[in-house]
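Working notes for the structure below.
The values are calculated or read from the model by the stated rules, or taken from the named source; none is laboratory data. Predicted model only: the values in this text are computed from it and were never measured. Virtual Cβ from ideal backbone geometry, glycine too; neighbours counted across all protein chains shown.
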Amino acid sequence: MRPSCDAGVSTLAVLRGAGAVLLVALVLLQCQRGDAWPYRQQRKRTGTARNEEELPLYLTPYVVQGRVRDARERSRVGAMAGSPDIESYAGFLTVREREPNHLFFWFFPALKKHPGGPTPLVLWLQGGPGEPSVFGALVEHGPLRAVTDGTAAFRAHTWAQEASVVYVDQPVGTGFSHSHDGVDDRWYCANASDAAADLYEFIGQFCVIFAECHNADFFIAAESYAGIRMR
């Protein structure tokens, strides 16, 4: 039986770092709020405030305030020169109110529409352990393929042809996902249950922003180490 989008998720992704791919991701992910970066650099927030475009794009406050349209518009990723303009969204959703962790996602709505019903939604979890799911997006099966000159090319044989795919750097501390101040690792997940709870909360908020996914057929896909949590 395939779970709905709001069904319980008990899957853990323990991911492995991929520095070269993350560097390309920094170039690619430009949000429409003045082409701001979803996340530039993890630094402790002390002293003077930075410009808005230098701050991480936290979307949970918009969800709490009911500003769902604003959350969606601000997370829209703009096209880069020399790269195809493919609809996608990126940002952070905050989980764990008392010990806030911020999970980074990159979402690609399906390129083909499904007029007969909701488009399937795939949650991709990278293996490793410790590899960011952005690696899967840019190197394996996302609609954008990383090119050595810092641009991106279209990948024709992508999962996003038939399904909407969301790539999540999970658990916190993997890829762009970070703890409440970006420095203190005390808030990292201590076990598989913590990581699964964070991901469950993430999915709930994600389906509020992207309401078309709420009633979609929901699939969890993983590779390597992440697959052991799907049994």
Which residue pairs have Cβ atoms under 8 Å apart, sit 6 or more places apart or on different chains, and have a first residue in region 123-139 that is at positive phi and a second that is surrounded by fewer than 24 Cβ atoms within 10 Å (Cβ to Cβ) and among the hydrophobic types (A, V, I, L, M, F, W, C)? Gly128/Val14; Gly130/Val14
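Being under 29 Å from Cys189 (Cβ atoms) and part of a loop (DSSP other than H, G, I, E, B): is that true of Glu99 here? Break it down stepwise before answering.
Details: under 29 Å from Cys189 (Cβ atoms): yes; part of a loop (DSSP other than H, G, I, E, B): yes.
Judged against the criteria, Glu99 is a match.
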Can you find, within region 113-131, the residue that is surrounded by the most Cβ atoms within 10 Å (Cβ to Cβ) among those that are in contact with an Asp or Glu (Cβ under 7 Å, 6 or more places away or on another chain) and within 12 Å of Glu223 (Cα to Cα)? Gln126
Look at Phe219 and say whether it is buried (at least 19 other Cβ atoms within 10 Å of the Cβ) and either aromatic (Phe, Trp, Tyr) or at pLDDT below 95 (or both). no
By residue number, the members of region 66-122 that are acidic (Asp, Glu), over 26 Å from Ala156 (Cα atoms) and free of Cβ contacts under 8 Å to residues at least 40 places away in the same chain are Asp70, Glu97
Give me a count of the residues in region 38-70 that are surrounded by 14 or more Cβ atoms within 10 Å (Cβ to Cβ), modelled with pLDDT of 90 or more and either in contact with a Gly (Cβ under 8 Å, 6 or more places away or on another chain) or in a loop (DSSP other than H, G, I, E, B) (or both). 4
Residue list for region 62-74, filter: closer than 20 Å to Ser179 by Cα and under 17 Å from the mean Cα position of the chain (by Cα): Tyr62, Val63
Among the candidates Ala137, Ala153, which residue alone is of a type in the set (A, V, I, L, M), touching a strand residue (DSSP E or B) at 6+ places or on another chain (Cβ under 6 Å) and not in a helix (DSSP H, G or I)? Ala153
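Is it true that Phe202 is under 25 Å from Val95 (Cα atoms) and either outside any helix (DSSP H, G or I) or at pLDDT below 90 (or both)? Reasoning before the result, please.
Details: under 25 Å from Val95 (Cα atoms): yes; either outside any helix (DSSP H, G or I) or at pLDDT below 90 (or both): no.
For Phe202, the condition - under 25 Å from Val95 (Cα atoms) and either outside any helix (DSSP H, G or I) or at pLDDT below 90 (or both) - is not met.
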